[in-house]
Structure formats: C-alpha cells, structure tokens
Amino acid sequence: MLKKQTVWLLTMLSLMIVLSVYYMTSKNDEFAYIDKGEDDSGEVTNDRADTDDEEETEVDGTRNLGQDELFTTMRMEIRDKRSLTKDRLESIVTSSTASVDEKNKALENMDQLDDITAKESILEESIMAAQDYDDVLVRSEDDKVHVHVKVDELSDDEVIHIMQMIRDEFGDVKVNVNYQPTEN
C-alpha cells in the first residue's frame, strides 16, 4: 500500500510534468500581462501586451489550458506547494527529535502560511467585489505580491486602487498588478 506522502509526491510530479509540457509548447505571446508596478522614482509604470484569442490544442495527450483554467491551475499549484510545506512543518512539530525552538519556529511558520493564505483569499474577494472582474488571483512571494486580474482592460486608477488594497493588507511590499484579457 502506498503511503500518503508517496501519493502526494507522485501527484505533484505528474502535475509538474503536465505544466512543463504546457509551458514549453505554448506560444510566448499567448499570455498578456500588464506590469503595473512602481519604478525607483515612485512612478507607476504601465507596460501593455496584447494577445490573440486563445485556442486549445492537443499535444502528446495534453492540451493547453484555457483562460478559465489558468487561474484555477495556479491556485492549485500554490495550494499544493503550501500543503507540502505545512506537511513538512507538521512533521517537525510531531518529531520527537526536534528541539523546542525548532517546533516553535515550525508552528510560527505554519501560522504565517495560514495568515498569508487568508489574506490572499480576502483580497481576491475584495478586489472582485470592488470592480466587476471575471476573476482575480493574489499570490504572495517573499516581499512581493502578484495580482492577476481577468479583465479586458485595466485603467491606471484601478491599478492604483488594487495596489493600495494590497498594501493595506500586507503592509509596505512591492506589488505587481497584471491583467489577462477575458475570452470572448
């Protein structure tokens, strides 16, 4: 009988293989993102890219993800990565060989992961409630927060509002706001 960890490992490896094939076979201009962040002078930058309508293609038994599936896949990747991290931290907490300091640090890191996940979820719902967006994905990495919005066009005022919402929740972090056009 396979252990739970082995099943998770095999699941993650197969997901990584599928995503690797997808990214290697996708066109470079398939995704459109706006990088609206602040440069060193504090000025908002606005780089726009346009794409054609996305089409699904079959490649070696895998298919390119549609735009609706992209955010879902990214959420699953983030959740799986955090779940594996939490499992490792839980094993430290339950370990009989770990010191009290190591266990406390592991518990602190678990709480921090839960806090970040909750903040991201709240921000996604708040941003979607503030405007009529099809979907929003917020992900935090180190001292940077990436916001992906599914909308045809994103104005500078909307970007500034989103950036302020992120800073209100996460504090003074670098914010990267991108958009992806919706399917028509």
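The values are calculated or read from the model by the stated rules, or taken from the named source; none is laboratory data. Everything numeric here is computed off the predicted structure, so don't read it as measured data. No Cβ is skipped: glycine too gets one built from the backbone with ideal geometry, and neighbour counts run over all protein chains shown. Each accessible area value is taken on the protein alone, full model and side chains, heavy atoms only, with ligands, DNA and RNA left out. Shrake-Rupley method; radii C 1.70, N 1.55, O 1.52, S 1.80 Å.
When the residues PHE170, PHE71 are ordered by accessible surface, computed with a 1.4 Å probe over the protein chains alone, the sequence from largest down reads PHE170, PHE71. Heavy-atom accessible surface of segment 85-184, averaged per residue, reaches 57 Å², computed with a 1.4 Å probe. For segment 88-184, the Cβ-based charge dipole about the Cα centre amounts to some 500 debye (Lys, Arg positive; Asp, Glu negative; other atoms uncharged). 3J(HN,Hα) along segment 164-171: 5, 4, 5, 5, 5, 8, 9, x Hz, from the Karplus curve 6.51 cos²θ - 1.76 cosθ + 1.60 with θ = phi - 60°, whole Hz, x for Gly and Pro. The local environment of SER121, defined by Cβ-Cβ distances under 14 Å, has a net charge of -2 under the rule Lys, Arg +1 and Asp, Glu -1. Measuring r between the beta carbons of ASP132 and SER99 and using R0 = 30 Å, the FRET efficiency lands at 0.05.
With both labels modelled 7 Å from their Cα along Cα-to-Cβ, the GLU108 to LEU84 distance reads 2.5 nm. Across segment 102-109, computed HN-Hα scalar couplings (Karplus, 6.51 cos²θ - 1.76 cosθ + 1.60, θ = phi - 60°) run 5, 5, 5, 5, 5, 4, 5, 5 Hz from first to last residue, x flagging Gly and Pro. Counting only protein heavy atoms and using a 1.4 Å probe, the accessible area of LEU84 comes to about 50 Å².
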